[in-house]
Amino acid sequence: MLNGALLFHAFGTYVVLLRDDFGWSRTSFSLAFSFMRMESGLLGPVEGWAIDRFGPRLVMTVGNVLFGVGLILLATINSLLEFYLVLLILALGGALGAFLPISVAIVNWFDRKRAMALATISLGFSAGGLVQPAVVAGLEGLGWRQFSVFAGIFVLLVAVPLAQLVRHRPEDYGYLPDGATEEQADLDRAAGRQQVDFTARQALHTSAFWMLAFGQSASVLVFGAVSVHFVAHVTESIGLTLGTAAGAIMLMTGVMVVGQIAIGGFVGDRVNKRALIVVAMLGHTVALLILAFAASLQMVLLFAVVNGLAMGTRGPLSQALRAEYFGRTHFGTIMGFSSLVMMIGIVGGPLIAGLSYDMLGAYRPAFILLAFMSGLGSIFFWLARPPAPPPPEPEPEPEARPDAAPHVAPAPAGG
């Protein structure tokens, strides 16, 4: 919730306030957001390995300390270069402190209702959008510098202690996923329901890994462009106030909650996850076309409903499907490598929209192009068929014990 409320959902409001103070271009803000997400993407494989190796608690603790310090430092910037450097700290802290470590923990503790578990934990990010009117009121009332200091202190006092509650794997504490008993686990194995477990290397050799990664990259094109440019677009192109724009974000995230729980969670555990994701991606396409031609508050609200429902459906299902395909033992590392591909989308979306406005004076061409690319992403997800189970890892050769007696062949009978 804190990550979404104070960084991702609030970024568009910071764009408007910082532009008014410093006069920076839209492309400058697009580059800032893109660099921030690029760092998170490049960090992905290392972060995933660290989570699998040391557990999510340590990684989250370090991340939230950096996130809190980064918010405090944001209040001190006076140049575009300083803004970029602080955003790198915020990106590092946000990546380590929230999404991937929590996802790894959830994937390890839940199996049968994994989609619902991921959808429920995603409510925190949605709640960050629901509180945007309060965040905007704080930014406008206190000023963005003073608000950033208070926000950073709040993260250090709240998020860092909360990270200590996170546990990595149930087996470390004498449990099994879903609270199952050993007898239930034996019955699952006997019925052929034993989970597959790919290593990162094995996953990278499957077409399913790449189709999921490219499909998710297309989906975050939409997320990135909307996160950076939605507020600026609706306030300048349509003439809405900052408060009204914050209300639209609140509506979008409220509908996202419905998508997460009702569709991504409840329905996703019972029907074909891949088919639901394809429908959600087509929803992104429709939503962006609505935003591209929006000329009234009613059309903006329609965009918020359609896009929020699509985001809520797609988010938890993408993670649940990846865990279903590749297992949980190396999920963090596999997800980390996926983030390298997803980085293309999260970096490209804001850049395309920013360049469109700076060069053509309008966001519409960019939104139309991004709508087409979102539709292309639905094809990638449809092609992401379940991979064949990986071959078993070769058994290690037994090591000879130094104290073992040498083998002596028995003497022939009658010898």
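Here are the numbers for the structure shown:
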read-out	value
Wholly enclosed helices (runs of 4 or more DSSP H) of the range 45-163 bearing at least 2 residues touching a residue at least 24 places away in the same chain (Cβ under 8 Å) and touching an Asp or Glu at 6+ places or on another chain (Cβ under 8 Å)	80-97, 99-109, 114-130
Every residue from the range 329-347 that is out of contact with any Lys or Arg (no Cβ under 8 Å at 6 or more places or on another chain) and either farther than 29 Å from residue 237 by Cα or surrounded by fewer than 24 Cβ atoms within 10 Å (Cβ to Cβ) (or both)	329, 330, 332, 333, 336, 337, 339, 340, 341, 342, 344
Residue match in the range 44-52 (condition: at pLDDT below 90, surrounded by fewer than 21 Cβ atoms within 10 Å (Cβ to Cβ) and within 15 Å of the chain's Cα centre (by Cα))	yes
Restricting the range 350-364 to residues that are without any contact (Cβ under 8 Å) to a residue 24 or more places away in the chain and not hydrophobic (A, V, I, L, M, F, W, C), the residue that is surrounded by the fewest Cβ atoms within 10 Å (Cβ to Cβ)	361
Extreme residue, nearest to residue 301 (Cα to Cα), among residues of the range 192-239 that are without any contact (Cβ under 8 Å) to a residue 24 or more places away in the chain and part of a helix (DSSP H, G or I)	236
Lone unmet requirement of (1) crowded, with 24+ Cβ neighbours inside 10 Å; (2) farther than 17 Å from residue 320 by Cα for residue 277	(2)
Residue check, residue 322 charged (D, E, K, R) and part of a helix (DSSP H, G or I)	yes
Answer from 317, 321, 302 - the residue that is closer than 20 Å to residue 259 by Cβ and without any contact (Cβ under 8 Å) to a residue 24 or more places away in the chain	302
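The values are calculated or read from the model by the stated rules, or taken from the named source; none is laboratory data. What you see is a predicted model; the values in this text were computed from it and never measured. Ideal geometry is used to build each Cβ from the backbone, glycine not excepted, and the neighbour counts take in all protein chains shown.
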